[in-house]
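Enquirer: This is the structure I have questions about; it appears just below.
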Amino acid sequence: MTPLNRRDLGLLVLRVGTGAVLAAHGTQKLFGWFGGGGIEGTAKGMEAMGFSPARESAIAAGLGAAGGGALLALGLATPAAGAAAAGAMAGAVAVHAPAGFFAQGGGYEYPAFLGFTSAAIGIAGAGRYSLDHATGHVLDRPWVVAVAFIGTALAAAAVVGRRAQAQAEARQPEPEPEHTTAAEPGE
């Protein structure tokens with residue numbers, strides 16, 4: 001029997017803890033578990049936060065967090081799982097950014113931490129105590145890391161950019177209607 005490897009054990013603990021938090025967060029969005037709003041409540045919230053289409057955004061955010069978190073906890077398809085969770089958290093960071101960094105003031109500290117941790121696990125790999133290792137890393141290849149993170153970065157940039165553009169357009173003042181005045185007599 002081989003002795004426990006501290007690095008792999010540390011990755012296991014980090015993966016399971018981060019994955020469980022993300023999975024719980026995502027199931028709030030998808031199923032209304034743990035006091036969440038479910039798809040309908042999350043879609044209303046997404047609409048209020050400027051994400052369009054709201055229902056599809058709610059599903060994507062829920063799947064990114066719940067699916068990415070569950071896969072991270074299992075250590076399966078770790079690059080895709082880490083990228084998906086990081087992408088979901090990028091949307092949350094965009095929402096919380098106007099409130100500054102710290103969570104106590106409504107800032108983006110917490111989703112940023114979850115996003116960076118997910119990305120780091122996705123890049124580093126799941127370690128020896130994982131389903132990726134048990135399956136010979138078929139879903140954990142260098143090209144998977146590149147494709148997953150490039151794809152997620154492009155998707156997150158598009159979604160966050162579309163939201164920012166919609167918010168900027170909503171802040172634009174309505175153009176004043178042209179006033180026509182009747183001609184004065186003798187003109």
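Enquirer: Skip the ligands, DNA and RNA, and give the accessible area per residue of segment 1-76 with a 1.4 Å probe, whole Å².
Expert: Working: 4100 Å² over 76 residues.
It amounts to 54 Å² per residue over segment 1-76.
Enquirer: Quick one: net charge around A148, please, counting Lys, Arg +1 and Asp, Glu -1 for every other residue with C-beta under 15 Å from its C-beta.
Expert: -1
Enquirer: Farthest toward the dipole's positive end in the chain, which of G91, V138, A155, given Cβ charges of +1 (Lys, Arg) and -1 (Asp, Glu) about the Cα centre?
Expert: V138
Enquirer: Measure off 7 Å from each Cα along the Cα-to-Cβ vector at R141 and A48, then give the distance between these two points in nanometres to one decimal.
Expert: 4.5 nm
Enquirer: Now for a separate question. Which distance in nm do the two modelled labels at Y110 and L9 give, with both placed 7 Å along the Cα-to-Cβ direction?
Expert: 3.1 nm
Enquirer: Could you look at segment 1-151 and say what percent of its accessible area is carbon and sulfur, using a 1.4 Å probe and all protein chains?
Expert: Reported share for carbon and sulfur atoms: 71 percent.
Enquirer: Could you tell me which label, among (i) 22.0, 107; (ii) 17.4, 56; (iii) 21.7, 71, carries the value of Rg and Dmax of the Cα atoms in Å calculated for this structure?
Expert: (i)
Enquirer: Take peptides 153-161, 26-34, 83-91 and line them up by average Cβ neighbours within 10 Å, highest first, as a rough protection proxy.
Expert: So the peptides 153-161, 26-34, 83-91, ranked by packing, come out 83-91, 26-34, 153-161.
Enquirer: Follow-up. Take I150 and A168, extend 7 Å from each Cα along the Cα→Cβ direction, and tell me the distance between the two endpoints in nm.
Expert: Those two pseudo-labels are separated by 2.7 nm.
The values are calculated or read from the model by the stated rules, or taken from the named source; none is laboratory data. Remember, predicted model here, so these are calculated numbers, not experimental data. Counting neighbours? That spans all protein chains shown, and the Cβs are built from the backbone with ideal geometry, glycine included. These area figures cover heavy atoms from the full protein model, side chains too; ligands, DNA and RNA do not enter into them. Shrake-Rupley method; radii C 1.70, N 1.55, O 1.52, S 1.80 Å.
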